[in-house]
Amino acid sequence: MDKIINKLLKIPKKVWGIGSIIFSILSLISYGFSGYIDKIEVGNVVGWYRTILNFLPTIGKLTEFKGRIIFIVCTVICIFLFFFSILYKKRIFIIRHQSMSYDLAEIDEKIKQRYCLNEHLLNQVTKIHKGNVDNLALEEIDQMAEDAQKSHEQIAYYGIAHVPLVFRLGYKIGDQNNVILLHKKRNNASVFEEWTKEKSEIKITCKEENKTKKSEDLVVAISTSLEIQKEHLKSLNLENKHIVYFVSNFLGFDNILSYDDAETLRANILYHIRELVKQYKIKTLHMAISSSVAFTFFLAQGFSPQHDPKIIVYHYEQGNYPWGILINGDIDCSYVKT
């Protein structure tokens, strides 16, 4: 049913409007009411009537057409589809994610006007403790991802949450084309707005260290908001691991605001990571991410359970990374303390 609706919505509303006028005229003519058409002053009905007569002067014989009820049926269908295409709102499965004790802003009114919201709150503030993360938090994330996929609805995501939790949810939902991402700008913006389709000049550079190490571990530091310094990663035992730094040419909290930019950055990051995984036969990725919630989620969607190694994503706190979550592991052994 959803496929049929989507196909109908792709047809311009103007088509149904013109169809309504044409079939209304044909209905009036076929039932002998053509004299009333000249009296209709709403829209351009008279103009369409005369246009039809110019091309089909014998159309007056429609009164003899036994199947003329088809014109009334088509008129009703076109009118219905015209108003349906105007009033219909696509239903979306929207996830409001919160694991930090901040008040969340509302979402943009444009989203509410465009979609019918099937809202789901993922509040995990009480499940994150100093030095520990409740298994229930990870169970909730996995269940939310499963529910979103089973809904077969378009998915929207926004919130303020710890990087490992955001990443795990994005990873579990996977690389689907039906995800809407919302971002709240730091410049006193009051609402979460959807990413745009515009493209900027943002790029990301890659710098590799410890090339000669014999290690199956790769530390990945991704900086688009604030730059991750080497001393921040000391708890990850850098001396024994390969290291790769990704840094965007524009650093800032609001520098990734479009799907095109996000796709460009993600493709570059994934390409280099997978090349290094292949080159060094990496078994585990240790990831530190300084980026927006929206991009962290989007980045996670690009990783694959079939093609990528184990992934541990770490939480930043006071210049250090004290704990992380094994993204593609069993819940009972997912919490990692550094």
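The values are calculated or read from the model by the stated rules, or taken from the named source; none is laboratory data. The shown structure was predicted, so the numbers you read here are calculated from the model rather than taken from an experiment. Don't worry about glycine lacking a Cβ; one is built from the backbone with ideal geometry, like all the others, and counts go over all protein chains shown.
What the table shows:
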{"quantity": "Filter result (closer than 17 Å to residue 100 by Cβ and of a type in the set (Gly, Ala, Ser)) within the stretch 134-169", "calculated": "137, 159, 161"}
{"quantity": "Qualifying residues in the stretch 90-110 (those that are among the charged types (D, E, K, R) and closer than 14 Å to residue 155 by Cα) - the one surrounded by the fewest Cβ atoms within 10 Å (Cβ to Cβ)", "calculated": "90"}
{"quantity": "Selected residue (criterion: nearest to residue 338 (Cα to Cα)) from residues of the stretch 233-247 that are touching a Lys or Arg at 6+ places or on another chain (Cβ under 9 Å) and in a helix (DSSP H, G or I)", "calculated": "238"}
{"quantity": "Some residue of the stretch 304-326 being of a type in the set (A, V, I, L, M, F, W, C), surrounded by fewer than 20 Cβ atoms within 10 Å (Cβ to Cβ) and touching a helix residue (DSSP H, G or I) at 6+ places or on another chain (Cβ under 9 Å)", "calculated": "yes"}
{"quantity": "Total residues in the stretch 246-304, condition among the charged types (D, E, K, R) and farther than 21 Å from residue 157 by Cα", "calculated": "5"}
{"quantity": "Search result, residues across the stretch 57-89 that are of a type in the set (Phe, Trp, Tyr) and either assigned to a loop (DSSP other than H, G, I, E, B) or modelled with pLDDT under 80 (or both)", "calculated": "65, 88"}
{"quantity": "Residue 94 being of a type in the set (A, V, I, L, M), farther than 15 Å from residue 161 by Cα and under 15 Å from the mean Cα position of the chain (by Cα)", "calculated": "yes"}
{"quantity": "Sole exception among (1) touching a Leu at 6+ places or on another chain (Cβ under 7 Å); (2) in a strand (DSSP E or B) for residue 266, by number", "calculated": "(2)"}
{"quantity": "Residue among 140, 153, 146 that is buried (at least 17 other Cβ atoms within 10 Å of the Cβ) and more than 18 Å from residue 293 (Cβ to Cβ)", "calculated": "153"}
{"quantity": "Strands (runs of 3 or more DSSP E) (entirely within the stretch 114-211) containing at least 1 residues that are basic (Lys, Arg) and assigned by TED's automatic domain parsing to the domain that holds residue 240", "calculated": "204-209"}
{"quantity": "Residue match in the stretch 292-312 (condition: closer than 17 Å to residue 229 by Cα, assigned by TED's automatic domain parsing to the domain that holds residue 99 and either assigned to a helix (DSSP H, G or I) or not aromatic (Phe, Trp, Tyr) (or both))", "calculated": "no"}
{"quantity": "Residue 34 vs. criteria more than 30 Å from residue 90 (Cβ to Cβ) and at pLDDT 80 or above", "calculated": "no"}
